[in-house]
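Working notes, structure below.
The values are calculated or read from the model by the stated rules, or taken from the named source; none is laboratory data. What you see is a predicted model, and the numbers here were worked out from it, not measured in a lab. Here the Cβ positions follow ideal geometry from the backbone for every residue, glycine too, while neighbour counts run over all protein chains shown. Calculation scope for accessible area: heavy atoms of the full protein, side chains included, ligands and nucleic acids excluded. Shrake-Rupley method; radii C 1.70, N 1.55, O 1.52, S 1.80 Å.
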Amino acid sequence: MSDIKKHFTKKWEVSVIELQNHEGSKFKVTRRLPEIAVSETKVFRTKDDAKKQFEEWLK
């Protein structure tokens, strides 16, 4: 699972990626501002929490 969308006015790129290992799945949500090389990443154990953060960063 991988999804990237750009914010309408803020020019943030927001992505979500599912990571799997021997313990289970984790979801990594990242937002980037490529013009100034800045990014922020959060990792969640549940898809619902990751989706909430993804939607919040798109507001």
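Here are the numbers for this structure:
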read-out	value
Ranking by accessible area, most exposed first, for Asp3, Asp48 with a 1.4 Å probe	Asp48, Asp3
Estimated vicinal HN-Hα couplings, Hz - the range 23-39 in sequence order (Karplus 6.51, -1.76, 1.60; Gly, Pro = x)	8, x, 9, 9, 10, 10, 10, 10, 10, 10, 10, x, 4, 10, 6, 10, 8
Identified option (computed P(r) over Cα pairs in 5 Å bins from 0, in percent; candidates (i) 5, 23, 21, 16, 13, 9, 7, 4, 2, 1; (ii) 3, 15, 9, 9, 9, 7, 9, 6, 6, 6, 4, 4, 4, 3, 2, 2, 1, 1, 0; (iii) 4, 20, 31, 22, 13, 7, 3, 1)	(iii)
Helical mean residue ellipticity (222 nm; -39500 (n - 2.57) per DSSP H run of 4+; nearest 500) of the chain	-6500 deg cm²/dmol
Nearest-ten-degree value, helix 47-58 long axis tilted from longest Cα axis of the chain	0 degrees
Accessible area (Å², per residue) of the chain, counting only protein heavy atoms and a probe of 1.4 Å	77 Å²
Computed magnitude of the charge dipole of the chain (debye, nearest 20; Cβ of K, R +1, Cβ of D, E -1)	160 debye
Accessible surface of Glu56 - all protein chains present, 1.4 Å probe, nearest 10 Å²	110 Å²
Solvent-accessible area, 1.4 Å probe, carbon plus sulfur percent, for the chain	49 percent
